[in-house]
Each structure stands twice: as structure tokens, then as C-alpha cells.
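The values are calculated or read from the model by the stated rules, or taken from the named source; none is laboratory data. Bear in mind the structure is a predicted one, so any value in this text is a computation, not a measurement. Glycine gets a Cβ as well: all are built from the backbone with ideal geometry, and neighbour counts include every protein chain shown. Heads up: the accessible areas ignore ligands, DNA and RNA and are worked out on the full protein's heavy atoms, side chains in. Shrake-Rupley method; radii C 1.70, N 1.55, O 1.52, S 1.80 Å.
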Amino acid sequence: MTDPISKQLDDVEAARESGRRKMDWAVQHMPILGALRASFEADQPFAGETIGMAMHVEAKTAVLAEVLAAGGAEVAMTGCNPLSTHDDVSAALDAVDGVTCYAKRGVDDEEYYGAMEAVLAHEPTITVDDGMDLVAMVHEDYPELIDTIVGGAEETTTGVHRLRAMDADGELDYPMFAVNDTPMKRLFDNVHGTGESSLASIAMTTNLSWAGKTVVVAGYGYCGKGVAKKASGQNADVVVTEVEPRRALEAHMEGYDVLPMADAAEEGDVFITTTGNRDVIVEEHFERMQDGVLLANAGHFDVEIDLEALSEMAADTYEARDGVQGYEMEDGRRLNVLAEGRLVNLATPVALGHPVEVMDQSFGIQAVCVRELVENGDAYDAGVHDVPDRLDKEVAEIKLAAEGVEFDSLTETQAEYMDSWQHGT
């Protein structure tokens, strides 16, 4: 069984001090979670509940875990990506009353899943996931827990896709909220969060400029839109690749060049995948790329860039920079992969993830979804559920109040007009 992170580090006190400082900085810029914490501390809605979490363990996520614990929960947490954990934050979180954290950076597959098993040993009544690995483990290896699990919440696009496929097969045995699909998450986290943090991480890791470069964005969903928009805003030329005709048309009408990846491979200086699918960039594309290209993934798992094929093609591999692996081809071309093909905004050595303000919104949704499961869990059957609109609006209103932004309300006449079919021309 995996030990908590505090038993795995040499200088635990120094790590906790560093991690606490990062968390305190995040807290200052997370008014939504601040407001929810005050409510949770007063009402203790999670008393008697055990919340199992598998997420990117860094400062913002740690604040969410701390807020849930402040509401009375026992929280057991581990990572959802072997390279996204900040060990100092993990140690600081492990010192919080009511929280046990097992996440450690750089673990192998056995250690990664061993930490998830340690979380499930706490017998959670609620799961909070990013990528669905924890939910999958419950169903595959610990089905005896399902009867006492009230429900869960899933953070990201890839995880929701997996959950919906699982649900369609009739294999999802408890209710899950698709946090990724609600407006307060998707319109901000996926667009602005992924766009800003991915480009920032690539720039800091490589020390290279965006201006004048051709950036190939694979996928034009919400994440791809954000990456394309932010790259264009930094004076890059943007090419979009797509498999869905309406999204391809949307990218075209928003001013981007749209090409098949086979053609874009010859033009790109930087390639950023955002699809959540596998084999987006493969051998035939590597063969066409120019010397010095950068390859990065802003999707979820490390399957979008075929690194196995790239390794087999390479005459030599070497560490080009910290967080950058160089692959030298037989003809002398060098292709550079960031963060081992894992989430570039979280897995490079300098990565900090999405901006704090963006994650405040997403984690606010997670927090109110957990509250909803505790208060009204019986209303939800097994399967994937949209986040109730009232919860999404609640989080938006907290954010607007914190920003000092006032907005209008419908009059009774307007509300009646919008709800009626009887008003004609």
C-alpha cells in the first residue's frame, strides 16, 4: 500500500512550508472557493462523508480539497497524471486536518495506480475525478464500494467522454456530474485556461517566441479554440486540423487556415494537440516535419503524439532542455517533444497549470456538485448527469459579486413573455 506523501519525502517540513505558500497565494485569488468555504464551515454539509479525489495536485486543486475538508469531509487524494503533481503542495495538503494525500511526481504506472488504491482504501462515499481513472478503478477492481458511493463529479473533457461511453454500455453504476460540460467550466477553463497556460508553459520551457511562427492546433473544440485564439493574439500564424466538418468550417470562418495534418506537418513550427483522442500525430507526419519543430499535447493522456513510432524512427534521442526531449532523425532533422507528450500546461518542469482565477470557477462547480450529491443524491440515477443550471448560475453570481460587477434581472413581464408560447407577432 502506498504511503502518504509526508512519509515519502526527506525534508517534509521544508516541502510543507513551500507548498503552503503556494496555496496561500492561490487562496487570495479564489473568491468563489472562499465564499463556499465560509458557507461550508458554517453548515458542515460533508460531515460523515469521505471524498476520494484523483486530480492534478497543485496549488489550486489543493485549495478545493482543503475547502471540502473544511466542510466536514474526510478527503483522500492522489494525482491523475504522473508528472503534474507538485510534491511540496502535496506535502502541505497532507498536513491539512481531514486530508490525506498520496500524490508524488514522477511515479511509474505501478506507483500511480497504487496511490489510487490507497485512496480507495478510505472507502469514499463521493469521488471527484480528472480523467476518470478513479471511477474506472472503482468499477473494475473495487465494485463492493459502489453501494455506498453517493455519486461523483468529473472535471475534464476526456473523462466525460469516457464516462458517457461507459454509461452508453450500461456499465456506469453510480451518478456522475459532467462538470466539464457546464458553461462556467467549459467557456472559461477550456478556452482561456488551456489557451493561456499551454502557451505560457511552452514559452517558458523553450525560451522561444511565438511571433512569426506557424502553430498547428489539432482539434477545434473549446480547448483548441482557446489555444488558437491565444496563439494568434501573440502574432503567430495558426493552422487548424479537424475531423469534424462543422468545427473545421467554424475555424475557417474565424480566419484560420484549415488543413489535413499530413499537409500541416510540412508547415508547422509548433504542433499542439487538443483532441483527447489517440494517434493524432503519427509516423507519416513526423516524416514531413521540418528541423527544430516543437511537439506538445494539451489534450489529456499521452497518446495524441505517437512517441513509440517517433522513438523507432530516431537515430538518437537526448535531453535538449529541461522538459524537452530531442529526437534526431537519420537525415539530421531534430523533432522536440515537450513533457513526454503529457499535458504540457501541467507536466513540464515549469508548468503551473491554468490561471488561478479560471480554476476558481471550475473548482467552484466541483464543490457545489459535491454539495448537491450530499443533499439530493437520491434524485440522481446511475449515469452521467449535466450539472443543474441553478448550480452553474450560483457560481457565476458569486464570481460577479466578487468582481463588483452588477447585472440586470428579467422583469416579471419579460419572464412571462419568455415562458409563454402564446405571444405572436
Kindly report the accessible area of the chain per residue (heavy atoms of protein chains, probe 1.4 Å, no ligands, DNA or RNA), in Å². 44
If one builds a Gaussian network model of the chain from Cα atoms under 10 Å apart, the most fluctuating residue listed among Ala415, Ala95, Ala339 is Ala415
D_trans [Stokes-Einstein, Kirkwood Rh over alpha-carbon pairs] for region 1-104, 4 °C, 1.567 mPa s, µm² s⁻¹: 96
How would Leu208, Leu346 rank on accessible area, largest to smallest, probe 1.4 Å? Leu208, Leu346
GluC sites (Glu not before Pro) restricted to DSSP loop in region 282-316 with at most 15 other C-beta within 10 Å: Glu287
Tell me which residues come under 5 Å, amide H to amide H, from Val239 once H is placed; ignore anything under 5 positions away on its chain. Val215, Val216, Val217
Carbon/sulfur accessible area of region 278-329, % of total, 1.4 Å probe, equals 36
Efficiency of FRET between Ala402 and Glu330 - r from beta-carbon atoms, R0 51 angstrom, step 0.05: 0.35
For the modelled label position 7 Å from the Cα of Asp257 along Cα-to-Cβ, which residues of region 186-217 have backbone nitrogen atoms closer than 14 Å? 212-217
If you take the charge dipole of region 333-384 about its Cα centre, with +1 on Lys and Arg Cβ and -1 on Asp and Glu Cβ, which of Gly341, His354, Ile365 is farthest toward its positive end? Gly341
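Given the convex hull of the Cα atoms of region 382-425, what is a quarter of its surface area in nm²? Numbers along the way, then the final one.
Working: hull surface 22.8 nm².
Mean orientational projected area (region 382-425, Cα hull): 5.7 nm².
Any idea what % of Cα-Cα pairs in region 224-264 are farther than 12 Å?
Values: 452 of 820 pairs.
Percentage above 12 Å: 55.
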Thr50 neighbourhood, Cβ < 10 Å, K/R = +1, D/E = -1, net charge -3
With all protein chains present, region 77-128 has a carbon and sulfur share of its accessible area (1.4 Å probe) in percent of 39
GNM top mover of Val387, Val75, Val12 - the chain, alpha-carbon springs below 10 Å: Val12
Spacing of the two label points (7 Å from each Cα toward its C-beta) at Ile146 and Ala379, in nm: 2.5
Once amide H atoms are built 1.01 Å from N in the peptide plane, which residues 5 or more positions from Met176, or in another chain, come under 5 Å H to H? Gly152, Gly383, Val384, His385
Return the whole-Å distance between the Cα centroid of region 163-210 and the Cα centroid of region 291-358. 19
Provide the net charge surrounding Leu172, with neighbours chosen by a C-beta distance below 11 Å and charges set as Lys +1, Arg +1, Asp -1, Glu -1. -4
Do the sum for the chain: with -39,500 (n - 2.57) for every DSSP H run of n ≥ 4, divided by all residues, what is the mean residue ellipticity at 222 nm, to the nearest 500 deg cm²/dmol? -12500 deg cm²/dmol
Compactness of region 1-53 - radius of gyration and Dmax, Cα, Å: 15.0, 38
For the chain, which longest stretch is free of loop sites, where a loop site is one of the chymotrypsin sites (Phe, Trp or Tyr not before Pro) that DSSP puts outside H, G, I, E and B and that has at most 15 other Cβ atoms within 10 Å? 1-406
Selection of GluC sites (Glu not before Pro), region 363-418, meeting DSSP coil and at most 10 other Cβ within 10 Å: Glu406
Choice from Thr182, Thr50, Thr411 with maximal GNM fluctuation in the chain (Cα, 10 Å cutoff): Thr411
